[in-house]
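Got a structure for you, written out below as structure tokens; questions coming shortly.
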Amino acid sequence: MAMDANEIERRIKAALPDARIEIRDLAGDGDHYAATVISEQFRGKSRVQQHQLVYAALQGDMGGALHALALQTGVPD
């Protein structure tokens, strides 16, 4: 079963409450998404560490219920 964009956003917000999140369905199939996540919690962390925080928020569903997620992360200006 695919994960919808609202569920992705809900899980990221639960882990990163200050995050600004934009999610796009890339293929229209509810299975391939791109997300931009901006959070102060990323400050001082490498891009890999930032992505790990987002993947951890998805509670192991990456590669399962969520097939593909292209991530862009950053800190607020």
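Taking 0.36 nm per residue of separation and subtracting the Cα-Cα distance, what length does fully extending A27 through Q41 add?
Stretched fully, the A27-Q41 segment lengthens by 2.1 nm.
While we're on this one: Quick one: plug the Kirkwood hydrodynamic radius of region 1-42 (C-alpha pairs) into Stokes-Einstein at 20 °C, 1.002 mPa s, and report D in µm²/s. Before the final figure, lay out the partial values.
Numbers: Rh = 10.7 Å.
Answer, rounded: 200 µm²/s.
Something else now. Okay, helix-only estimate at 222 nm for the chain: each DSSP H run of n ≥ 4 adds -39500 (n - 2.57), divide by all residues, round to 500 deg cm²/dmol; what do you get? Write out the running numbers ahead of the final one.
Numbers: 2 runs with 22 residues, N = 77.
Calculated mean residue ellipticity at 222 nm is -8500 deg cm²/dmol.
Could you tell me what percent of the accessible area of the chain is made up of carbon and sulfur, with a 1.4 Å probe and every protein chain present? Don't skip to the end; give the middle numbers.
Numbers: 2230 of 4430 Å².
Of the solvent-accessible surface of the chain, carbon and sulfur hold 50 percent.
The values are calculated or read from the model by the stated rules, or taken from the named source; none is laboratory data. As the structure is a prediction and not an experimental result, all values here were calculated from the model. For the accessible areas, the whole protein counts, side chains as well, though only heavy atoms, and no ligand, DNA or RNA atoms are used. Shrake-Rupley method; radii C 1.70, N 1.55, O 1.52, S 1.80 Å.
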